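> My questions will all concern the structure given below.
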Amino acid sequence: MNFYAVRAIYLFELQRAWRTLLQTIATPVISTSLYFVVFGSAIGSSMAEVQGVSYAAFIVPGLIMMMLLTESTANASFGIYMPRYSGAIYEVLSAPVSALEILLGYVGAAASKSIVLGLLILLTARLFVDYQIAHPIWMGVFLVLTAVTFSLMGFIIGLWADGWEKLQIVPALIITPLAFLGGSFYSIEMLPPIWQKIALLNPVVYLISGFRWSFYGISDVNPLISLGMTLVFLAICSLIVRWIFKTGYRLKN
């Protein structure tokens, strides 16, 4: 394992985040804070508790997870697309660096930025609402697994996209709607029975449900099933990335 190469790619991607601090760090935190103000304070004050938890506290895990999905995907996709766009990726591929080391550098940096953002929003939420974390270790597990999984997905999107429009189409038309419909602002138990069954087809439901369980011990889906679905999604993304490096799809041609 060439740790120097991994460290070089990893630190370069993190430094890019510092150079664009307003866009990569401040904007997501401020945007999510506005959700707390609008949904937590304004709307939540007129709503009853959801599954025994105040509405303002109930949406905290959902908002963090929604941000985690979008930012992990965006960071990783942009991180690998820019070297392809500028041609710098060929220098990386011609260096004595393995596919695994490239992956650890780019995906590790994207996941790290998303985890830091998640923790910052968690701290910011304390300014607006009082919440508890019943299972902090499991909260960390779901946070890291989700960040890594969707960073892998973003890596795949960044390799697949051959233009700036394609780079945005999957997050805008698929990931963001799935996050909104995945129970970020509500429990699927509040839906009619038929829509509850349809909602279970949304993979984001399992991520948000498991993450919310780590906070309050309540969930729409068994936490073990949520963990299993996260691992399955991680495995699928890993297999796709392995195939990309094996075939050179959008990398060597």
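The values are calculated or read from the model by the stated rules, or taken from the named source; none is laboratory data. Everything numeric here is computed off the predicted structure, so don't read it as measured data. Please note: Cβ atoms are built from the backbone with ideal geometry, for glycine as well, and neighbour counts cover all protein chains shown.
> For segment 222-236, which positions are touching a residue at least 60 places away in the same chain (Cβ under 8 Å) and more than 17 Å from Met153 (Cβ to Cβ)?
Correct list: Pro223, Ser226, Leu227.
> Sticking with this one: Which helices (runs of 4 or more DSSP H) does segment 130-190 wholly contain that include 1 or more residues that are at pLDDT below 85, under 20 Å from Ser214 (Cβ atoms) and of a type in the set (Lys, Arg)?
none
> Can you name every residue in segment 211-237 that is in a helix (DSSP H, G or I) and either β-branched (Val, Ile, Thr) or in contact with a strand residue (DSSP E or B) (Cβ under 8 Å, 6 or more places away or on another chain) (or both)?
Tyr216, Ile225, Thr230, Val232, Ile236
> Only one of Ile198, Ile240 is outside any loop (DSSP other than H, G, I, E, B) and farther than 30 Å from Pro83 by Cα. Can you tell me which?
Ile198
> Let me ask you something else. Would you check which residues across segment 188-215 are in contact (Cβ under 8 Å) with a residue 12 or more places away in the chain and polar (S, T, N, Q) and list them?
Asn202, Ser209, Ser214, listed by residue number.
> Of all residues being in a helix (DSSP H, G or I) and aliphatic (A, V, I, L, M) in segment 201-210, which is nearest to Pro61 (Cα to Cα)? Just the residue, please.
Ile208
> I need a count of the residues in segment 244-253 that are exposed (fewer than 12 other Cβ atoms within 10 Å of the Cβ) and in a helix (DSSP H, G or I).
2
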